[in-house]
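First comes the structure, then the notes that go with it.
The values are calculated or read from the model by the stated rules, or taken from the named source; none is laboratory data. Because the structure is a prediction, the values reported are computed rather than measured. Ideal geometry is used to build each Cβ from the backbone, glycine not excepted, and the neighbour counts take in all protein chains shown. What goes into the accessible areas is simple: the full protein's heavy atoms, side chains included, and nothing from ligands, DNA or RNA. Shrake-Rupley method; radii C 1.70, N 1.55, O 1.52, S 1.80 Å.
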Amino acid sequence: MSADEETIAVYEARARDYFERRTGRSAEPGLAEFVADLPDGAHLLDIGCGPGDSAHRFLKAGFTVDAVDASPAMVSHAHQLGVSARVGSFEDIEGRDIYDGIWVSYSLLHVPRGEVPGHLKRLHRALKPGGRFHIGMKLGVSEKRDGLGRLYVYYSEDELNGLLAAAGFTPTARERQLDVGLDGTEYEGIWIHANG
């Protein structure tokens, strides 16, 4: 993901807390639906993989996974789960027609608003025609830092749909949910599935 140094520093400092929080709970919202639509042996990208909990679930389901995160500490935790993650960002995703599925769960929301259209186009190019795309975001209208100092850029559902369409995606399913973040505040999130 585009490296906001303050956000990365928070994840570096709180990686253990995040690892324990994420690996001790059920699968991310939308994961079962995403997996159900993938071909056997699918090649996936998990960008902003965090401590690797979703990537680990993908591996257990028989998929090949390229897991990427901007935080070296998060990548280290992913390795503890047997995930071959690497340090990287959205800018590092190059190539065309590589992945059967791309999982972007609550990572693109740390990227400045002006960079998001380009990143979505890059991800669309990397997805095979007809491939599956998952994005999880927090709903809202502002751009601000949370109580821990992480940059958050919030979107409305309509704005997200417009960004996805402009990048070439066709949204197929969505669901909203309430959750509590690492900073202890409740938020409304959304996941959207789309075809490439």
In whole percent, and with a 1.4 Å probe on the protein chains, what portion of the accessible area of segment 1-151 is carbon and sulfur?
49
In whole angstrom, and with the biggest value first, how far do the Cα coordinates of segment 107-189 range along each principal axis?
40, 25, 19
Rg and Dmax in Å for segment 145-196, alpha carbons only: what are they?
13.2, 36
Using a Gaussian network for the chain with springs between C-alpha atoms less than 10 Å apart, which of these wobbles most: 109, 178, 45?
178
Computed over the chain: relative contact order in percent, which uses C-alpha pairs under 8 Å that are six or more apart
21
Heads up, segment 51-147 by the C-alpha gyration tensor (a ≥ b ≥ c square roots of eigenvalues; a/c under 1.5 rounded, else a/b over b/c prolate, else oblate) looks oblate
DSSP-defined antiparallel bridges as percent of all bridges, segment 50-196, nearest 5:
65
Rg(Cα) of segment 81-122 divided by 2.2 N^0.38 Å?
1.28
Over 20 Å [Cα-Cα, the chain], rounded percent:
51
Contact order normalised by length for segment 148-196, with contacts defined as Cα pairs under 8 Å and 6 or more residues apart; what percent is it?
34
Heads up, segment 119-158 by the C-alpha gyration tensor (a ≥ b ≥ c square roots of eigenvalues; a/c under 1.5 rounded, else a/b over b/c prolate, else oblate) looks prolate
Roughly how big is the chain's charge dipole about its Cα centre, with Cβ charges of +1 (Lys, Arg) and -1 (Asp, Glu), in debye to the nearest 20?
240
Of 170, 64, 185, which has the largest mean-square fluctuation in a 10 Å C-alpha GNM of the chain?
185
How would segment 1-81 be classified by its alpha-carbon gyration tensor: rounded, prolate or oblate, with rounded meaning a/c under 1.5 and the a/b versus b/c comparison settling the rest?
prolate
